[in-house]
Structures are given as structure tokens and as C-alpha cells.
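Everything on this sheet refers to the single structure shown next.
The values are calculated or read from the model by the stated rules, or taken from the named source; none is laboratory data. What you see is a predicted model; the values in this text were computed from it and never measured. Please note: Cβ atoms are built from the backbone with ideal geometry, for glycine as well, and neighbour counts cover all protein chains shown. Only protein heavy atoms, including side chains, enter the accessible area calculation; ligands, DNA and RNA are left aside. Shrake-Rupley method; radii C 1.70, N 1.55, O 1.52, S 1.80 Å.
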Amino acid sequence: MSKEPHTNHIVSFSNQLKVWIALLLLTWLTVTIAYIDFGNLTLSIALLIAVVKSTIVLAYFMHLKFDSKILTVFLILVIVIFAVFIGLTFFDYALR
Amino acid sequence: MTENNSTASHISYLEETGGRSGIFKWILSTDHKRIGLLYLYSIATFFIVGAALGVMMRLELMNPGQQFVKPSTYNSLFTLHGVIMIFLFIIPGIPAVFGNFMLPILIGAKDVAFPRVNLLSWYLYVIGAIFALSTLVFGNGPADTGWTFYAPYSVNTETNVSMSVMAAFVLGFSSILTGLNFIVTIHRMRAPGMTWFKMPLFAWSLYATAWIQLLATPVIGITLLMIFAERLLGVGLFDPSLGGDPILYQHMFWIYSHPAVYVMVLPAMGVISEVVSTFSQRKIYGYKAIAYSSLAIAFIGYFVWGHHMFTSGMSGPARIIFSILTFLVAIPSAVKVFNWIATLYGGSINVKAPLLYALGFIFLFMIGGLTGLILGALATDVHLHDTVFVVGHFHYVMFGGTGFAFMAAIHYWFPKMYGINYNMKRATSAFWTIFFGFNVMYFPMMVVGVMGMPRRYFDYLPEFHIPNFISTIGSWILSVGLLMMIGNLIAAFRKRKKAVDNPWNGKTLEWSVNTPPTLLNFDEIPTITKGPYEYHEQ
Amino acid sequence: MFSQASNFVEGVDKAFLIISGISLVFLIGITFAMILFVVKFNKKRNPVAKNVKESRSLEIVWTVIPTLLVLVMFYYGWAGYAPMRDFPDDAIQVKATGRMWSWSFEYENGKISPTLIVPIDKAVTLNLYSPDVLHSLYIPAFRIKEDLVPGINNKMWFEAGILGEYDILCAEYCGERHSYMLSKVEVLTQEEYDAWYYKVDDNTNAAEAGLKILQVNGCVACHSLDGTRLVGPSFKGLWYSTKTVTTGVVSRQVTADEEYIKESIYNPSKDMVDTYPKVMISYKESINEEQLKQINAYLKSIEK
Amino acid sequence: MSSSISNSAITAVHQVDEHRDDGASKLGMWLFLFTELILFGGLFLVYSIYRLMNPEAFAAGSSHLDVSIGAINTIVLITSSATVAISITAIQLKRKKLAINLLLVTILAAAIFMVNKYFEWGHKFELGLFPGGDAFNVLEGGEKLFYVLYYFMTGLHGLHVIIGAALIGWVAWEVKVGKQTHDNFAFLENAGLYWHLVDLIWIFLFPLMYLIA
């Protein structure tokens, strides 16, 4: 069969715990920041943190960092297509 | 049928019962070929039902005034016709029948990656179909919204829209699973040496299609779920009286349904590539261009949904963007047509029924595509949007396109699938009847559309009479042609004239296996060294 | 060469002719090539297929030329369309209401008409309003169409160029009587238009005024005046007749008196006569108490 | 891969190949997750459009949600994601007992999440803040949309939590009976992927629903 997206990479316990703590810290950060008024930026900052958190989950918990790159490519494709959905729809609503 | 091969020990998949008897050897089998045939029989049944509904609509429209059904019945008729033809025939059509049957053989595999999921997707298809048809019996009659289920009408009407959208939801799930299966199959199960650019173009088109099925279908899933919730719980996501926006529904609907058009037509193009190459005995012209254009169509197909909404109240800039993107998606399709024509050049053309259907496809699809350009242009779309012109255009693309490709495929692969031959003369005359009837039926729709007759009309102004009348006559001719074709194929089972392994001298892998194939397709998984269309090696 | 029925006909028809002209050339050319090849390279004449070398430049040519052509098509489509979105400031403003299943047009001085009456050579802007579901105002002769979306203020405009009557159709499917949702544009001279526009309606005859209200509000699209059953009960013989209605789940007998008629107009889905579909919306916004009296007067006049 | 077609009566040529392809099942799982992402993506699209149209109403609606419940649930889900991830490490290191316990912790976390959700929804229902409720009916359009989306999105997410928890329970049982082992844990891995998806979606739902006030 063709290239193997399955790896037997073992993420060590300590690394998993580090990731977990990082995610908890980011959660704390996002809640704290939510009470500071950044005006229009509030939502962007919240989403930015969410993106960072999800990248960590995808890379470590979901093993994307260690698996075949094709999965990452596909995921990017999915995100691009979703961005197209949002972007073109906003072309309508933002410019009405 | 076993002894038609050199080695008598080959037992075809049709004889391989897996220890089951009666209907169970079908509905419990995970063999991709049996599942393909399960789909074929169910899809053909719904095609006939849908076509009958279409003929009834044409009868009602034959003359102005009420002919034989009430307006509300007519509205349910065209909705049911749309739902059946779109969700039960044309979307699953080619991938689920011929994709399931042929894809593993074409890439040198024993089956798809997830045979049980494959069977599950057929069951989902059946459940969806039962949901769709149950509206005939339960609730206040079948939905009367049109297959588009536009809000807020679909939220307000008393007919059984909830069941119909659930049907579409379940069918969407079935479609997703088929697509998922094909992608994994193509990635993981190709025979040794079967590189991406040694794959037949039908496999390429299925791959491109599978990605659309996978990434567009969930959008309609969630949209229909919202309509369902809106009807059931009154949550009002699209109902303006509750703060919602009906145009957002249209966006969501077409985000799926435009790419879905390519789910319908891409595999058809794949079939045509195979048939044109085989019957010209030529390597397909511009193999890579066709392969890439499949991917290009699939990708750009996500960008153009707004052209269904030019008169909906969408913002001006969005209309312009969507129009220009729509024109760009026409180009890969044009490239494919040129490549097919170029493949004919210099060939040794064997004019048989499958090729006739393929050439019919090219002609009718061109008309469908070119009228699509008229609809893609802003000025003309304002005039023609939601008129019968759109109905004509759509049927040229979908029936003249995908429908003809489906018929090309069944005539092309029939001997391989069943190990028997049909009567070629009758197949040819059926083709000409269908081709003639098709044009008589659908061309007048374009004319009456340009005159200004809106679609989904139960009754019409007297000036629209003549084209409607001709169109109805055409529907009879077309029906006769379809019956001739179906009758001819069924008659083949009574005559049982044995087919040889490679009746058309094709070069793709399915022609090198037994007729009909064995359970595991290959005695031994082949190692691929040549491209799929090597006709010129000697 | 192009009809002058409206100021948009030329742009639309030009785009149509150019696009279909180019398309036709391609269609005929490709079909001809296809037939030619099938005949010339038939198995009988050409038993062995030639191995034709692929040409990169040919591939490029037949990608680039269609690209240029579709851009031309896009341009003409856009050019014919752009003026439709370029609203003039001095246009006559008309509120066009489309509801299941009738049209009405309200002018700036409060005049309401079931047909659209416009003067020739004068810009008219239609402000589109729908109280129920999607409709689409379509005037084929003028080549214009725009959806009426509840909750959203769409508009369209035109300038009629030829006197006469033209069809208005509903192009967005809207339910049972979609195909009967018809009206007319009447293009009048400026004098005729003024005469119509400034004419004060004579409301001395209450029954006649009542009929007019039923017409401009589109009631007659579903309720016939002659006893025919359409979507809803006919107005003929309605006055003080006895009906069996269902309120919620309770069935009871009522007399169609003033109170019941008012209730049926303001709150139609409350007391339903079983055999009719629940499709009517409330007309509280558009019919006042005074007008109710006139409607009653009319209903009384066609009692039997 | 032709699964379990029995063909005892037939020649050896037809012997079913019991080939295991973990890569294929993982790819399949990912493709399925993509459809889930797009499914929720459709809801996020609706959310973002309606938020664009009604920014104040959405902020007002959001301010009525309890940030602490949302934050606790976020922590619960992140922790449960971590336990699933660690259980894979555990099984790879042949520490079966630990793997099972971690999976049980995950299920417990799912239960805590759902109980929190139950109280949160229950409180809203008491106030009449549900479609058709008294307090809901007097809201203006935009705020109604916010609540509808809140129920729809968290409801659909909650459904995924339940399905995910069931899946994890099944996997835990398979680990216990030895069907998932240190060199054959594809199902555990795929169920884990599904569970992380549930977490992933919540990571976005939390700020969009609770923190935009």
C-alpha cells in the first residue's frame, strides 16, 4: 500500500501534561481578557486565542504533528473552503 | 456463465452467495459489485417514478387552464419530481452504481476501503427514499415547496415538509459515506504501480466528486436541520417574523446545491472520457488536462453558488463577483469538450450505442452549458431567472448530460456487469428516439422561457400555449424511447447471449478481468506498468 | 432593432444576442467537427487508430480563447445590468406589495391600485414589500425582475417607453395560486396619468368602496365573488351564514356577523373553517375599522 | 479488506484477505471529522452573519449567559481531551489499567459537562428564555436569534458529547477485554479523534457564546 499516515509515535506523558497545562492557561487568559474592553478587537482576540488552542489540540492531542502530512494538507483544504463560504457570504452581507 | 472463461474455476460474483440465500445474498452482501447493483435497481426504480411524475406534469401543462390535477397537487408533483430526481437519482446515480461497481476494479483493488460502510450507505439511501415517499401517506401530503425548500414558505406551509427535509438529510449522509469511502479507497487501495496518473479518468472524476460530496453535503445537512427545527420547535432561524433572514437560507442552500451540480455532472464526464477513448481506440487526448480540470471544476464549484440569487436582493458587488466566477467555471468544462472531440480525431471509431449516448451527451451538455452562460450573465439572468428557461437549461445539463452519461455507462459496462449482451440494433433505435424526444421536449422550454413564462406554473397565459404543447408531445416520445431502452436491457436477461471479456477492446483494467468479475475481482492483484489508455504500443 | 418597452430592453437583449451568438458558433462548429470525425475516422474507413501527438500549444489556445470570450460575455452581461442598479433620484416612488397571491401598488399620495399605473418616459422606482413569503415581481416585456423578500427592502426601477399594457407575473414560487398571481403595468401618457393620479375616489357608496378594498388588498385572489371555491370561502352568500369553525381543538358553530368577519381579517388563523387551509395572514396593518364597515356593506350587498 | 464474506465452499483463490489497514481507518475518520467540521461550520456561518447584522443584540444576549459555567465546562472538556490523549500514550506503553482509568475519567468529565449544561439550560427555561417562552417572546429579533443559535449550537454539541462519551465507553470496554492493545489501537485512536473534535468545537463555541458581551 501507499504511504502510511499511521505512525507509532509515542507522545510522552510529560509532554501531554505540558499541553494540557498550556490549554488551561490559555482558557484562563481568554476569560480574563474578555473582561478588558478592547472595543472591536475583543472578538478578534478571543478568536485568536481559540485558534491557538485548537492548533495545539490538533497538533498534539490529535497527532497531526506526527502523522502523515497529507492529513494536514486536507485540513488546510477544509479550512480554505470554509473560509470561502464565509468570505463570499460576507461579500453579500457586509456590502448591502 | 462460469464456463465462458478459459479457467472454469472462476466463479462470478453473481454466483458467489456468501452462504446466503434469496434476497439476503443481496441485502447483506458487502461486495462492492452487488452493492452497485442494489443501487442500480433502486435508482432505476426511482428514476421511473420520477419520470412518471414528470410526464404527469407535462400533461397538466399541455393546455392552459386546469387539465386534470388541482394546483396544490401539481405543486406537490413538481416537488416530488425534483426531490426524487435530484436526491434519489442524479446525485447518487453514477457514483453509487458505476463508481461502486467499477472503481475498485479500475484501480486494481478487491473492494472499497470500507465495505460495511458501503452497505450502510445503501441502507441510508433506502431509508431516505422511504422518508421521501412516506409523505404521500403521512402528514398533509407531500411537500409543495419545490426541491429547494425556500424559507419562509417551507416553514409556513402545512404540507409534510419536515419529512421531506429529513429524507434529504439522510440521503446526504448516504452520499457523504460514499464519497468518504471512495477517497480512502483511492488513497489506500491502488494496486502496486497504479500511480495517480495511471488511474483512468473515471476514477479521477470520482475522486473529485467525492471531495465535493464530503465537504459540501454537511452544509445542506445543517440547513435542512434548521428548517426542521424551525417547523418543529418554532425557533425561527430563517423566518423574518422571528428576526431571521430568508436570503441566508438561500446562501446556505446553494453553498451545497451548486457544488452538488458538479457531484451530478463530474462522474458523467468521467464516463464520457472512458467511452470516447475506448470507442475511438485512441489514447484520450489531454489526459492530464482532463484530470486536472476535474479537480478545478470541483474546487471552483464552491465559489459560484450566488448565481442562483442574482434577483434575490443580494448586494450589488456580490452579484458581480459571483457572475465573473461563474464564467470562469465554464472554462474547464469547455476544455474537456475540446479534448473529447480531439480524441475522436484520428481514431478508429466504432459507432455503437455507448458511443452514441456519449456523443449525445457532448451535444446536449454543450447546449446546457452554453445556455448556462446566458444565465450566468447578469443582465440576461435578471430576465430569465426563475423562468422555464432555467428548467430547460437544467434538464439539458442534468438529463441531457448526466442522464445520457448514465445510459452510456449502462450500455458500456452492461456486458461486463452481467456477462451477457443486449441487442445493439434496438439499443441504437432507442437512443435515437430518446435523443429526438428529448429535444422536442426541452427545447421549447427555452423558447417559452425567453418569452417570459415563470417556472413552477400550474397554469399559464395563452401566449405560452404552443411551446408547452410541443413540449408535452416531446415527453411522450421521450417516454417511449426510455421504455424501449429499458425493455431492451431487460430482454437481454431472457436471451442470455454470453458476452466476451472485452467486447469493445478497452484497455482499462475492468476489461482484463473475468466477465462477470469474480468476488475478489482479480486472481492476483496486478502490478501496473502502463497508463490506462495505451492503444498505440504495438 | 430592440424594443423600447423599457430602458433596459436594449442592454439585456444585446447581451442575450451576443452570448447566444458566440455560443451558437461554438455549438455548430463543435457538433460539425464531431460528426465529421465520426464519419471520417469510422472503423470501416480507418481500421487502425492513429497515434496523434498531443500539442501543448493547442491546449493553451483552447483554454485562452474561451477565457477571453467568457470575459466578453461577462462584460455585456454586466453592462446591461449596471443601469438596473443605478437608481435615479427623481423617480416616482411606488410601494409594490406582493402577497399570497395578489399584487397592489401604493403611490405617494396614498392611492392604492391592483395594477401598476405609470406615465411614459418617467422613471418609476418600486419599493418591494412582502408580508408573507418570497415573491418576485417580473415584467417580461421590460426585462426586469427582483424578489420580494419579507423583512428586506428590495427595490427595482424602470422607465417605460411604449404606451400599452404589459403583464406582471410572480416569478418566485409562492404556493398554491402562484401562477395566478398576475397583474398588469399600464403605461399611460403624462396627462392620462395625472388625471388618474389626482382623481379623488368617490367613497359615497359604501358597498362599492368595500369591493375596491377587497380588490386592492388582494382578497379576491383567494375569495371569489361568485360562489366559486378558490383557496378560501367565497364572499358570495357569506354574510350572516352559519359556519362550523375550529378554535384550537374545539369545534363550534358561529354566524358570520360583523364581529366574526373582523376577527377573520385581523386574526385569521384563530377560528378556522376546517375544510380550508391555514394560509391567510392578518390584515390588521392594511385594513382599518372604517374600511371594515365598507367591506361589510359590500358583503351584505352580495348576501344571496 | 473484503470484510467478512464467508466463502468456505470456494477455491482458495477466493480466500478473504484479512488485511488490516489502520492508515485507511484513520484517514476515513479524519474525512468524517471534516464533514463534522463543515456541519458546525454552517452553524458558525449563520452565527457570524446574524452577529454582523445584530451586534448589540448578540452582545446583550451573551451577557445573560453565565461565564463561569462556560469556563468550567471548557476546563472539563480540555481535561477530558487530555485524558484521552494520555490514555493512548498509556496503551502504547502497555499500561492497560491506566488507559482504562483515564478513559473512565473522560466519561466522568462528559457527565459533568452534561450536568452543567442541564443546569444552565434548566435555568434559562425557568426564566422563560426558550423559543415560545414568555421572556423569549418579548425579546427583539436579534436577541431571539442569539438564543435560538445558542440552543441549537450547544444542543448539537451536547449531542456530540453524548455520542462521544458512548464511543469512549465502548473503547474502554474493548481495552479491558484486550481488543485494543499496544500494537492495535486504531479504534481507540479514532474514538479519541472524535472526542478531540468535540473539544475543538467547544473551544470556539465558548468565546462566541459567552465572551462577546
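For the reader, a short list of remarks on this structure follows.
- Cβ-defined net charge surrounding A:Ala94, 15 Å radius [Lys, Arg +1; Asp, Glu -1]: +1
- For chain A, radius of gyration divided by Kirkwood radius, i.e. Rg to Rh on alpha-carbons: 1.09
- Chain A: relative contact order as a whole-number percent, Cα under 8 Å and 6+ apart: 38
- In the protein assembly as shown, a dipole from Cβ-located charges (positive for Lys and Arg, negative for Asp and Glu) runs towards its positive end, and of C:Leu137, B:Gly99, B:Met62 it is B:Gly99 whose Cα lies farthest in that direction.
- What the Kirkwood sum gives for region C:9-85 is a hydrodynamic radius of 15.5 Å, with every pair of different alpha carbons counted.
- Only Lys, Arg, Asp and Glu carry charge here, each on its Cβ (+1 for the first two, -1 for the last two); on that basis region D:22-210 has a dipole of about 760 debye about its Cα centre.
- Residue by residue, region C:148-158 carries 3J(HN,Hα) couplings of 9, 10, x, x, 10, 9, 7, 8, 8, 9, 6 Hz when phi is fed to the Karplus relation 6.51 cos²θ - 1.76 cosθ + 1.60 (θ = phi - 60°); x denotes Gly or Pro.
- Cross-link pairs beyond the 27 Å C-alpha cut-off, checked among C:Lys212/C:Lys278; C:Lys236/C:Lys293; C:Lys95/C:Lys270; A:Lys69/B:Lys283: C:Lys95/C:Lys270; A:Lys69/B:Lys283
- Working from Cα pairs under 8 Å separated by at least six residues, relative contact order for chain C is 15 percent.
- Accessible area that becomes buried as B packs against C, both chains, 1.4 Å probe, Å², nearest 100: 6600
- Calculated diffusion of chain C, Stokes-Einstein form, Kirkwood radius summed over Cα pairs, 20 °C and 1.002 mPa s, µm²/s: 91
- Region B:108-176-region C:4-78 distance, computed between alpha-carbon centres (Å): 39
- The interface between chain B and chain D buries about 3600 Å² of solvent-accessible area in total (1.4 Å probe, ligands and nucleic acids excluded).
- Region B:15-78: Rg to Rh, with Rh as the Kirkwood radius over Cα pairs: 1.32
- Cβ-Cβ FRET estimate between C:Ser251 and A:Phe66, R0 fixed at 56 Å, reported to 0.05: 0.20
- Contour excess over end-to-end distance, with Cα ends at C:Tyr197 and C:Phe87 and 0.36 nm allotted per residue: 37.3 nm
- Between helix B:71-83 and chain B there is an angle of about 30 degrees, using the helix long axis and the longest principal axis of the Cα atoms.
- Note on region D:22-210: lysine pairs with Cα distance below 15 Å, sequence gap of 8 or more or different chains, count 7.
- Surface/4 of the Cα convex hull for region C:206-301, nm²: 5.5
- Neighbourhood net charge (10 Å Cβ-Cβ; Lys/Arg +1, Asp/Glu -1) for D:Thr74: 0
- Here chain C is treated with +1 on each Lys and Arg Cβ and -1 on each Asp and Glu Cβ, and its dipole about the Cα centre works out to around 2120 debye.
- Shielding of peptide D:51-63 by partners, expressed as the average count of other chain Cβ atoms within 10 Å per residue Cβ, is 1.
- Selection from C:Val48, C:Ala33, C:Ser183, by position along the positive dipole direction of chain C (Cβ): C:Val48
- Under-5 Å amide H pairs with B:Asn160, H placed in peptide plane, nonlocal only: B:Asn140, B:Gly141, B:Ala143
- Springs between Cα atoms under 10 Å define the GNM used for chain C, and in it the highest mean-square fluctuation of C:Ser57, C:Ser179, C:Ser269 occurs at C:Ser57.
- Kirkwood hydrodynamic radius of region B:7-118, from inverse mean 1/r over distinct Cα pairs, in Å: 16.6
- Taken along its principal axes, the alpha carbon cloud of region B:268-315 reaches lengths of 52, 17, 11 Å, longest axis first.
- Computed from the alpha carbon positions, the gyration tensor of region D:59-213 leads to an equivalent ellipsoid with semi-axes of 37, 13, 12 Å, biggest first.
- Among D:Asp183, D:Asp199, D:Asp66: highest mean-square fluctuation, GNM of chain D, C-alpha pairs under 10 Å: D:Asp183
- Exposed loop sites are taken as GluC sites (Glu not before Pro) in a DSSP loop (any state but H, G, I, E or B) with at most 15 other beta carbon atoms within 10 Å; the longest stretch of chain B without one runs B:159-523.
- Fraction of alpha-carbon pairs over 47 Å apart in chain B - percent: 9
- Rounded to whole Hz, the Karplus (6.51, -1.76, 1.60) HN-Hα couplings of region B:204-213, x for glycine and proline: 4, 5, 5, 5, 4, 4, 4, 5, 5, 4
- Relative contact order (%) - criterion: Cα under 8 Å, at least six apart; region: chain B: 18
- Long-range tail of P(r) for region A:11-65 (Cα pairs > 12 Å, %): 66
- Within chain B, the longest run free of exposed loop sites, counting trypsin sites (Lys or Arg not before Pro) that sit outside DSSP helix and strand states (H, G, I, E, B) and have at most 15 other Cβ atoms within 10 Å, spans B:21-495.
- Residues in region B:169-186 carry Karplus couplings, in order, of 4, 5, 5, x, 4, 4, 5, 4, 5, 4, x, 4, 4, 5, 4, 5, 4, 5 Hz; the curve used is 6.51 cos²θ - 1.76 cosθ + 1.60 with θ = phi - 60°, and Gly or Pro positions show x.
- GNM top mover of C:Phe87, C:Phe105, C:Phe158 - chain C, alpha-carbon springs below 10 Å: C:Phe87
- Degrees, to the nearest 10: D:141-176 long Cα axis against longest axis of chain D: 20
- Long-range amide H partners of B:Gly313 with built H, under 5 Å: C:Asp147
- Database remark: amide H of C:Phe8 closer than 5 angstrom to the amide H of C:Glu159 (H placed geometrically; neighbours at sequence offset of 5 or more, or on other chains; Pro and chain starts carry no H).
- Inter-part distance, region A:29-82 to region C:131-166, computed on C-alpha centroids, equals 46 Å.
- Counted over the protein assembly as shown with a bin width of 20 Å, the fraction of Cα pairs per bin, in whole percents, is 11, 38, 35, 14, 1, 0.
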